[in-house]
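Following this message is one structure expressed as structure tokens.
The values are calculated or read from the model by the stated rules, or taken from the named source; none is laboratory data. None of these values were measured; they are calculated from a predicted model. In this analysis, Cβ positions are derived from the backbone assuming ideal geometry, glycine residues included, and neighbour counts consider all displayed protein chains.
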Amino acid sequence: MVDPELEAEFLRRLMVKLGVSQEQSKALIATGAAKSRSAVATVNGQPVVQIPEGFDSAWRRVGLSLDRTGFTVEDRDRKQGIYFVRYVPLDAANSEPGFFAKLFNSASKNEAAKFQITVRSQGNVSTVSVLDAKGVPEASITAQRIVKVIADDIK
């Protein structure tokens, strides 16, 4: 799990070590933290993450977030702004079937669902949304969970 406060303190100490004054390093960290706050919102009935950054920065941050939070990125199309991912909900991953369930049930209920995570930018604000495998906007509970996981990791 990512700890933004710990990362900020590490960065501040590194800046001081490299010659930046204590006051200046604190000011730079505070400015960067205030500028990069993401927020969960609902646009046209669909949950989204809004990031106050341009496409390049948002694309990189979403990619890192997907890697850190356990998504399997199968493919990516930077030109279109789409990550093709597989997602296993945490409750499904944590509920391991018992011995008899494995023995008598050949079908696996814990299939990973495929989604598309899109990054779209308009000026200096980028919007991250979830689409199903066919590219249709997703507004399910799972999409809300995915958006929350990404937003929490980006903060």
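Taking region 7-64, which residues are outside the structural domain of Lys79 (by TED's automatic domain parsing), outside any helix (DSSP H, G or I) and β-branched (Val, Ile, Thr)?
Val20
Something else now. Could you please let me know if Ser65 is under 24 Å from Ser140 (Cα atoms) and either modelled with pLDDT of 85 or more or of a type outside the set (Phe, Trp, Tyr) (or both)?
Numbers: under 24 Å from Ser140 (Cα atoms): yes; either modelled with pLDDT of 85 or more or of a type outside the set (Phe, Trp, Tyr) (or both): yes.
It is true that Ser65 is under 24 Å from Ser140 (Cα atoms) and either modelled with pLDDT of 85 or more or of a type outside the set (Phe, Trp, Tyr) (or both).
Still on this structure, please answer the following. Within the bounds of region 79-87, is there any residue that is out of contact with any Cys (no Cβ under 8 Å at 6 or more places or on another chain) and modelled with pLDDT under 90?
Yes, region 79-87 has at least one match.
I've got another one for you. Would you check if there is a residue in region 30-39 being of a type in the set (Lys, Arg) and modelled with pLDDT under 90? Can you show your working first?
Pass one, region 30-39, residues of a type in the set (Lys, Arg): 35, 37.
Of the ones still in play, those that are also modelled with pLDDT under 90 are 35, 37.
Yes, that holds for at least one residue.
OK, next. Within region 4-20, can one find any residue that is within 23 Å of Ser121 (Cβ to Cβ) and touching a residue at least 40 places away in the same chain (Cβ under 8 Å)?
Yes.
Just checking, does region 68-82 include any residue being under 24 Å from Ala133 (Cβ atoms), in a helix (DSSP H, G or I), in the same structural domain as Arg145 (by TED's automatic domain parsing) and not acidic (Asp, Glu)?
Taking every residue of region 68-82 in turn, at least one turns out to be under 24 Å from Ala133 (Cβ atoms), in a helix (DSSP H, G or I), in the same structural domain as Arg145 (by TED's automatic domain parsing) and not acidic (Asp, Glu).
Could you tell me whether any residue of region 101-115 is charged (D, E, K, R) and either in a loop (DSSP other than H, G, I, E, B) or at pLDDT 95 or above (or both)?
Taking every residue of region 101-115 in turn, at least one turns out to be charged (D, E, K, R) and either in a loop (DSSP other than H, G, I, E, B) or at pLDDT 95 or above (or both).
While we're here: Within region 40-54, track down each residue that is surrounded by 12 or more Cβ atoms within 10 Å (Cβ to Cβ) and of a type outside the set (Val, Ile, Thr).
Selection gives Ala41, Gln46, Pro47, Gln50, Pro52, Glu53, Gly54.
Looking at the structure I just gave you, is Ser129 among the hydroxyl-bearing types (Ser, Thr, Tyr) and at pLDDT below 85?
Judged against the criteria, Ser129 is not a match.
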